[in-house]
Each structure stands twice: as structure tokens, then as C-alpha cells.
1. Taking a 1.4 Å probe, which of Glu158, Glu166 shows the most accessible area, and what order do the others take after it?
2. What's the FRET efficiency of Ile203 with Phe413 using the Cβ-Cβ distance as r and R₀ = 30 Å, to the nearest 0.05?
3. Could you order Arg165, Arg157 so the one with the most accessible surface comes first? Probe is 1.4 Å.
4. What distance in nm separates the two pseudo spin-label positions at Cys220 and Thr168, each 7 Å out from Cα along the beta-carbon direction?
5. Full-extension gain between Asp130 and Val32, please, as 0.36 nm times their residue separation minus the C-alpha to C-alpha distance.
6. Let me check I've understood the local charge: for Leu349, count other residues with C-beta under 14 angstrom from its C-beta, Lys and Arg +1, Asp and Glu -1. What total comes out?
7. Sort Ser351, Ser272 from largest to smallest accessible area, using a 1.4 Å probe on the heavy atoms of the protein chains.
8. If you take the beta carbon distance between Arg326 and Ile299 as r and set R0 to 45 Å, what does 1/(1 + (r/R0)^6) give as a FRET efficiency, to the nearest 0.05?
Amino acid sequence: MGQLNPSLPCPLVQDVKRGVGGRLRHAMNFPVELMEGIKTRGMEQKLVCIYIHSPSSLAKQHAHHATPLPLRCLRRAGCPGDPGLSLQAPHLLQDVHNNSVLNDNVLGAFLQSGHVAGLSRPVEIQFWHDMDSSNATCVFWQPGASKCVGSPGSWSREGCETTHREGTVICHCNHLTYFAVLLVPAGTLSPTQLTSLTHISTIGCSLSAAATLCTLLLCCFSRQRLRDSTTKIHMHLLAALLLLNCSFLLSTPLATGPEWLCRVTAALLHASLLCTLAWMAAEAFHLLLLLVKVYNVYIQHYLLKLCLFSWGLPTLAVVAVFVFKRDTYGYHTIHTTEGYKSPSARCWLTSPPAYSATLCYAGFILLFNMLVLGRVVMILRSIQRQKGQARKDWATVLGLTCLLGTTWGLAFFGFGIFLVPQLYLFTILNSLQGHNTSRYPDARVKGCEGSSGAAP
């Protein structure tokens, strides 16, 4: 860590409620290197130490405490070395969802003469606490770092190291600025992981969009393949997947545009997701009729009813939400272990109830599809097959797994140690769903149909 000058600490707050003499709650120790550099200049310097505490926001209340030091540890007075933190910034102690700063405490230090950075021996900052800090990380305030419009800056941990002791979080940073300890939510991705997942999803969705578009164009020019319901349902699913992939790819670049455009994009993405899930359920229902029906069941306007269920109902629900509660859609930010907003926003749901309702909707559909897939497996195992037929049947099961979207069920395993592997599996498998579904034509379904009868 490097040698610290024990004669030049900056104790900012003492806890007078904890027995005789009190207990040191927050403190900063400065390296000898900093002090020697000041002395060599042959001029008097002012070392400014700041303590800020706000239980809600800095706009409502803040307090500065300072302790006299040999170099005059003063209160903030607009010095040239001030790193530019605005005490009126309403969201300084808050991220998008909650107050993430440990105990809402911020410590600051700088020299009046100018900016100090790149110290070979770090400054030591101690934060006292009486709570679980296993997910805490040391950060500093970086003015103008946030790409969000109107934001004065953001928190960063670059140049800071975190050490945990009983009742204390110790930060070692190589510069002078404002410091805090952020409580990173459990299961938060690192910036590297988020970047890799973004690249995987972008590549996968681009391949899926290209594959589904080519398949749809080929089927449109081949009119004979669109005569039966099985192929038509499959084409509707591919169209929904194409819309989903395109809207997902557009959700990131359009997040930098006007708010109304981002909301429209988010609504389109939500609608395409609901329609895709609905067409997966339609595929499962159609397959179930092919497999288990005893008599030749005829359903009048069969495809029209499936279209009303799979296209009409999801679209109607999204339009109703967009009209009556438009703020459900907008800018969605992803948090990383850096403790602040990721550089890129996305147009998506901003309402937790809407997100929960979407998750429940997907859960019911995936449960139905998995039950149908289980029934298919049972039927395939019960049928007497010729030698070598089992391999073909299991290939059919794999094709139906992509067709029915059962891999989307991985979304319900994003917790604990499963989070990172689940995210990578979910991203790889489902971003390529359109590509895989295009490679598995309706012959897989007709293979099951051949053992049960004709389509409705």
C-alpha cells in the first residue's frame, strides 16, 4: 500500500455515542509523497477536507465537517482543485433505482492549488458502517462521465481499491476527489461481461434476422408450400421472430434519440416479444392437436383464430398500455459492478409491474410448451421404430425445442451462482432462435403428424 504519514490524518466524524472518548467513524490518511510535494513548492497550501451526509438527497440537506490540520484543512470554498461536484445535484447519492451510497456518506479532499492524480502511494479513506458491506465497492465522483443528458457526472472505481475490515470499508485511491462506497446489488454483471453479452446478442440477433427474412422470402415465392396450416403457422412464427430481432437491434441506437421515439421502440419491442411467445404457444397447440386427437377435428377459421390470439391480443394490450400509461416504456439502464449506469441505455420497459406481468405471461406459455414437448417425447418413445430411427426422432425433439422456445425458460434461473452461466446460455440460444428455427423446417412437425393424422 505504501507508507502513510501518521501525523497527518483527517478525522472527519467521531461517534460520541459509543462509550468514553468516542469512536472514529470516518477518516482520511494522506501519503508522505503528497506532503513532500507541497513543501517543495515553497508556498502555503490549503488541503480541503469535506464530509457530506444526506439521508435523502443533497438538494434537501447536506453537512460539511472539517478538522484543522497543519496545512489548514478547510471547508469547501470553490478552490481551483475542486473536482467539480455540485452540491445541488439531486441524484448524487442515488442510482436509477435506489440510494446505493453506503450510509449516504461522501468524503472529499483536494488541494487549492490544482488537481491531484496519479499518486504512487494512495490516499487511505475509511468509512465506518454497521451493516453487511460484502457487496460494497469504493468509488469516486467523475464529473461529466455519465452520457445521460443533464447528468453532472457519475461514480467510477478506476484507480481505487477496496479493503474490508470489521465495521469499516477502507479505500485506497491514487488521486484526490470526492469518495464514497457504493452497495452493488447482488448478481450484478461486470462491465466486461455486459460488453461480451451485448456483442453476442447483437451478432446472434443479426444472424437470426437475416435467416428468418430469407426463409420468409423463399416461402413467399413458393406458393405451394403455403397451402397447409402447419407451414402457415411456422411462417407466422418466423415473422414474429424477425420483428423481435429487428426491434431489439434498434432499441440501443434509438435510445440516444428523442424520448417519444424511444418509447415507440420499446412498445414495438414489447409487442413483438409478446407476439413471438404467443406464436410459440400456437405452434405447441397445433402440435398437440396433431398428436393426441382421436377423430378428425375440424376448427372453422382455424388460422384466423390463431392470428387473433397471437397477433391481435398482444398488440391490443401494448397499445392500451401505451395510450393510458405511456411512461411504462422509455429509457432502460443496466447496472454493472462499477455501481453506476452503463454507457449504453436501451429502450425497454421502465415499470416493474409491467415487467413482472410480462414474466408471468411468458412463464405460463413456456409451461404449456414444455408439457407439450414432454408429451411428444413420450409418444416418440412408445412408437415401435426401425433400427436407426431413434436418432431421427431425437433430432425432431431438438428441432421442436427451438420451435416451441423452451430455451426461454432459462430466464427463470437468473439467481445466485447460476446468474452468469444462465445469461450466457440464454443469450446464445435465444439470440440464434430465428436462425435455428429457419433451419428446422416444418418437416419436423410433419414427422409427428405422420404418426397421428392430418392437420385441422
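1. The ranking, largest first, comes out as Glu166, Glu158.
2. Here the calculated transfer efficiency is 0.80.
3. Arg165, Arg157
4. 7.0 nm
5. 32.2 nm
6. On the way: positive: Arg263, Lys325, Arg326, Arg346; negative: Asp327.
For residues surrounding Leu349, the net value is +3.
7. Highest to lowest solvent-accessible surface, that is Ser351, Ser272.
8. Efficiency computed from Cβ-Cβ geometry: 0.75.
The values are calculated or read from the model by the stated rules, or taken from the named source; none is laboratory data. Everything numeric here is computed off the predicted structure, so don't read it as measured data. Cβ sites come from the backbone with ideal geometry, for glycine too, and all protein chains shown count toward neighbours. Please note that ligands, DNA and RNA were not included when accessible areas were found on the heavy atoms of the full protein model with its side chains. Shrake-Rupley method; radii C 1.70, N 1.55, O 1.52, S 1.80 Å.
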